[in-house]
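The values are calculated or read from the model by the stated rules, or taken from the named source; none is laboratory data. No experiment lies behind these values; they were computed from the predicted model shown. Neighbour counts run over all protein chains shown; Cβ positions are idealised from the backbone, glycine included.
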Amino acid sequence: MGQQKPPGLTLRGGVWHIDKDLFGTRICESTRTSDLREAASILARRIEELRASHYFGVARQRTFREAATKFLEENTHKRSLDRDARALAMWDPYIGDLPVRRVHYGTLQPYVKDRLAAGKAAGTVNRDLAVVRRILNLCARLWRDENDRPWLDTAPLIQMQRENAKRGPYPLSFEEELFSELAGHLARMALFKVNTGTRKHEVLSLRWDWEVKVPELETSVFVVPRAHVKNGLERVVVLNRIARSVIEGCRGEHRDLVFSHKGHGYYTIDNSGWHGARRRAAARSETELGRPCPDGFRNVRVHDLKHTYGYRLRAAGVAFEDRQVLLGHKAQHVTTHYSAADIGNLIAASEKVCELASRKSPAVAIVRTRGFASA
């Protein structure tokens with residue numbers, strides 16, 4: 001006769017899973033085995049660990065999934081929480097069931113290799129590693145169990161991936177036409193970014209209830225709450241005539257979100273539509289100009305639209321302090337307490353970008369060098 005299944009084990013997808021309550025603590029994890037005898041042995045070890053913790057104060061082994069859950073619950077205020085949650089969801093099949101003491105450089109390598117093989121940049125993988133490193137540090141240095149013992153004796157060294165030299169910004173010249181190749185919804189967001197200097201998240205999150213009327217100027221601005229701004233400060237977004245036309249074209253399409261499609265918001269701008277558009281734009285540029293297309297334009301990024309706005313402001317002679325405000329850069333003098341006159345001056349400065357576009361001034365010509373400074 002085969003071994004009898006002990007209470008607390010459930011077979012799901014051919015793998016035995018533990019789900020058992022003992023001394024007020026729930027054990028819920030995969031045994032990662034289809035062998036009942038091995039699964040029963042793992043369950044017995046978990047029960048013994050709980051008994052030792054309950055009766056003798058021996059530290060209970062916490063799984064990384066428990067630690068990740070605690071981290072997310074304690075950091076609901078983080079602006080990057082959504083990204084951390086996505087990273088931890090991807091980590092879970094690799095290390096979720098492991099005790100935190102077994103999460104170290106060696107056990108992280110299968111995930112790292114799979115992500116790099118999938119074409120992810122070293123910087124992206126490093127951000128995922130940073131979340132794990134943070135959680136392990138909390139286990140060792142902050143979190144304590146009911147017997148005042150740390151969840152982890154010592155946090156291991158997590159070595160980051162070596163990153164290649166980062167590509168510098170690539171501001172678009174007026175001849176490098178991209179927007180006509182984008183689908184309507186992507187074109188609107190791209191035009192808005194290149195005329196406001198907003199970041200991707202600010203555009204994707206933009207809401208109608210952030211719009212503030214400025215009756216003295218018969219216009220409005222958007223005040224982006226600090227939770228949606230990278231530097232943690234409220235940001236005032238002023239609208240030149242191109243950005244204003246984009247906003248008016250979106251008005252009435254969605255009750256809450258400025259940019260929507262078929263009743264839903266967007267998760268990203270950098271999607272297959274963006275990639276296809278830049279391929280077509282690069283091919284057309286080579287045909288029309290009769291010279292090879294620069295790699296920067298062939299691989300232009302969404303964030304390059306923000307750099308483009310900054311370069312065009314500078315080419316139009318807009319003062320450095322005004323450029324900082326218009327681009328939402330963190331600076332001591334930046335404040336959201338603007339008078340109507342201040343807003344009018346900022347709109348006038350942003351309008352200079354439209355004037356450059358209308359006459360395609362040679363003043364906006366860009367010298368392509370290695371590592372040129374950002375605006």
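If only residues of segment 125-145 that are touching a residue at least 24 places away in the same chain (Cβ under 8 Å) and in a loop (DSSP other than H, G, I, E, B) are counted, the one that is nearest to A85 (Cα to Cα) is W143.
Of all the listed residues (R144, R167), the sole one being at pLDDT below 90, farther than 24 Å from Y111 by Cβ, over 27 Å from the mean Cα position of the chain (by Cα) and not hydrophobic (A, V, I, L, M, F, W, C) is R144. Against the list (1) of a type in the set (G, A, S); (2) over 18 Å from R101 (Cα atoms); (3) modelled with pLDDT under 85, the condition A59 fails is (2). The residues listed here are E211, E202; of these, the one that is modelled with pLDDT of 90 or more, in the same structural domain as V318 (by TED's automatic domain parsing), within 21 Å of the chain's Cα centre (by Cα) and farther than 20 Å from P292 by Cα is E202. Of everything in segment 248-304 that is surrounded by fewer than 18 Cβ atoms within 10 Å (Cβ to Cβ) and of a type in the set (F, W, Y), the residue that is nearest to R167 (Cα to Cα) is Y267.
The single condition among (1) closer than 26 Å to T268 by Cα; (2) among the aliphatic types (A, V, I, L, M); (3) free of Cβ contacts under 8 Å to residues at least 60 places away in the same chain; (4) buried (at least 16 other Cβ atoms within 10 Å of the Cβ) that I158 does not satisfy is (1).
Do we have any residue at all in segment 187-194 that's in contact with a Cys (Cβ under 7 Å, 6 or more places away or on another chain), in the same structural domain as R278 (by TED's automatic domain parsing) and touching a residue at least 12 places away in the same chain (Cβ under 8 Å)? Give the steps one after another, and end with the answer.
Going through segment 187-194, the residues in contact with a Cys (Cβ under 7 Å, 6 or more places away or on another chain) turn out to be 188.
The next check asks that each one be in the same structural domain as R278 (by TED's automatic domain parsing); those that pass are 188.
If we keep only those that are touching a residue at least 12 places away in the same chain (Cβ under 8 Å) as well, we get 188.
Checking segment 187-194: at least one residue is in contact with a Cys (Cβ under 7 Å, 6 or more places away or on another chain), in the same structural domain as R278 (by TED's automatic domain parsing) and touching a residue at least 12 places away in the same chain (Cβ under 8 Å).
Can you say whether S220 is in contact (Cβ under 8 Å) with a residue 40 or more places away in the chain and outside any helix (DSSP H, G or I), as far as the supplied structure shows? No, not satisfied.
Name the single residue that is modelled with the lowest pLDDT among those in segment 62-71 being surrounded by 15 or more Cβ atoms within 10 Å (Cβ to Cβ) and under 16 Å from C28 (Cβ atoms). Going through the qualifying residues, I end up with R62.
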